[in-house]
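Single-structure report; data block below.
The values are calculated or read from the model by the stated rules, or taken from the named source; none is laboratory data. These numbers were taken from a predicted model, which means no experiment stands behind them. In this analysis, Cβ positions are derived from the backbone assuming ideal geometry, glycine residues included, and neighbour counts consider all displayed protein chains.
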Amino acid sequence: MAPSAISPEETPQIPSGDSTVLALRKTLTSENEALAARFRALFSLKYLACQEPRTENTIPAIDAIAAGFASPSALLKHELAYCLGQSRHDAAIPYLQNVLSDREEDPMCRHEAAEAIGALGDKGSLKLLIERRDDENEETVVKETCDIAVGRIEWEHSDAGKLEKLKQSDFASIDPAPPLAIAAKQPSIEELEQTLLDSKLSLFDRYRAMFALRDLCSPPDLPSAVPAINALARGFTDSSALFRHEIAFVFGQLSHPASIPALTGALSNLKESSMVRHEAAEALGSLGDEEGVEETLKGFLNDPDQVVRDSIIVALDMAEFEKNGEMEYATVPVAA
């Protein structure tokens with residue numbers, strides 16, 4: 001989801017106190033509120049849940065985010081799971097386990113719950129993740145995400161993983177996989193692309209190449225930025241919808257104009273998976289101040305796919321936020 005590009009260095013000035021969390025929770029969970037307003041409330045709660053050091057609002061904010069799982073909106077619920085995974089707090093784990101275990105839940109939400117559990121590095125969830133990964137009747141996107149989450153948790157708790165030296169990322173997000181470790185001879189963009197596109201490798205290893213390429217695009221004026229974006233864009237040809245959706249997510253983080261043609265192509269492909277198209281729409285929303293992007297998004301307001309239509313609403317709100325130069329994609333209610 002593109003709003004994850006918001007960094008803790010640019011924290012919104014949200015008043016503390018239970019009344020703030022309650023106001024945000026009320027907005028988030030109300031089906032009468034506009035979807036864009038609910039997303040802004042969610043990212044305000046995410047800020048409160050992720051604050052370090054933790055405050056009296058940390059767990060109430062996590063609980064408020066989780067309350068949103070009662071919504072019928074698959075788009076909103078998948079974003080709830082993402083935000084819980086970024087909280088770095090064990091209080092989020094039971095909520096995420098419940099979503100992953102619920103076969104009646106939308107696969108997009110269950111995938112995001114599995115990814116969030118991986119982001120939290122919870123060894124206690126390995127049994128559940130492995131069960132879902134190895135279940136022949138499980139949805140492909142859920143199986144693949146569980147596989148990556150298992151890889152991430154095992155890497156995080158391994159001796160080898162603890163010894164790896166990683167490049168300091170410009171992005172505050174906890175990613176589904178770490179970038180490739182710093183080596184004496186760093187791989188070239190061409191070598192990273194080869195790893196990215198090699199379907200014989202595990203998704204976890206391919207994701208590591210993906211995030212290494214992402215980090216070569218920041219800051220955006222690096223000479224490596226456009227070649228790395230072009231390499232990432234070739235990932236849209238992969239057979240895995242999960243993989244393609246993650247490419248779009250990375251483009252949303254980068255908000256680099258060079259990604260616009262690839263994102264527009266993904267959004268415009270009506271045969272593409274909704275989870276990919278929605279991520280492409282929101283990535284374009286993060287580029288809303290670029291010429292032509294807003295008009296492109298408006299062309300999909302009546303898309304036949306509900307998830308895509310909802311994403312366009314959020315993306316246009318994000319585009320407005322970008323054009324207005326607002327500091328944070330968040331709603332900041334006044335405490336009572």
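Observations
- Residue pairs meeting the criteria (Cβ under 6 Å; at least 6 apart or on separate chains; first farther than 15 Å from Val99 by Cβ, in segment 123-137; second among the acidic types (Asp, Glu) and surrounded by 13 or more Cβ atoms within 10 Å (Cβ to Cβ)): Arg133/Asp147
- Scoring Ser169 on the criteria (1) under 22 Å from the mean Cα position of the chain (by Cα); (2) hydroxyl-bearing (Ser, Thr, Tyr); (3) loosely packed, with under 13 Cβ neighbours inside 10 Å leaves a single failure, condition (3).
- Set side by side, the residues Glu282, Glu290 differ, and just one is over 20 Å from Asp106 (Cα atoms) and not polar (S, T, N, Q), which is Glu290.
- The listed residue being out of contact with any Asp or Glu (no Cβ under 7 Å at 6 or more places or on another chain) and within 30 Å of Pro107 (Cβ to Cβ), out of Ile260, Ile189, Ile182, Ile229: Ile229
- Flag for Asp134 being of a type outside the set (Phe, Trp, Tyr), over 21 Å from the mean Cα position of the chain (by Cα) and modelled with pLDDT of 95 or more: yes
- For segment 62-94, a tally of residues being surrounded by fewer than 20 Cβ atoms within 10 Å (Cβ to Cβ) and hydroxyl-bearing (Ser, Thr, Tyr) returns 2.
- All positions within segment 206-223 that are surrounded by fewer than 16 Cβ atoms within 10 Å (Cβ to Cβ) and farther than 14 Å from Pro257 by Cα: Pro223
- Scanning segment 232-269 for residues that are more than 10 Å from Ala280 (Cα to Cα) and among the charged types (D, E, K, R) yields Arg234, Asp238.
- Inside segment 109-144, residues that are β-branched (Val, Ile, Thr) and closer than 19 Å to Glu156 by Cα make up a count of 2.
- Counting only helices (runs of 4 or more DSSP H) that fall entirely inside segment 168-275 and contain at least 3 residues that are touching a residue at least 40 places away in the same chain (Cβ under 8 Å) and not hydroxyl-bearing (Ser, Thr, Tyr), the qualifying elements are 189-197, 203-215, 241-254.
- Residue in segment 315-332 that is touching a helix residue (DSSP H, G or I) at 6+ places or on another chain (Cβ under 9 Å), crowded, with 19+ Cβ neighbours inside 10 Å, modelled with pLDDT of 95 or more and within 22 Å of Leu42 (Cβ to Cβ) present: yes
- Any hit, segment 290-298, residues being modelled with pLDDT under 95, assigned to a helix (DSSP H, G or I) and over 25 Å from Leu232 (Cα atoms): no
- Evaluating Glu112 against the criteria (1) surrounded by fewer than 22 Cβ atoms within 10 Å (Cβ to Cβ); (2) in contact (Cβ under 8 Å) with a residue 12 or more places away in the chain; (3) over 29 Å from Val226 (Cβ atoms); (4) charged (D, E, K, R) leaves one unmet condition, (1).
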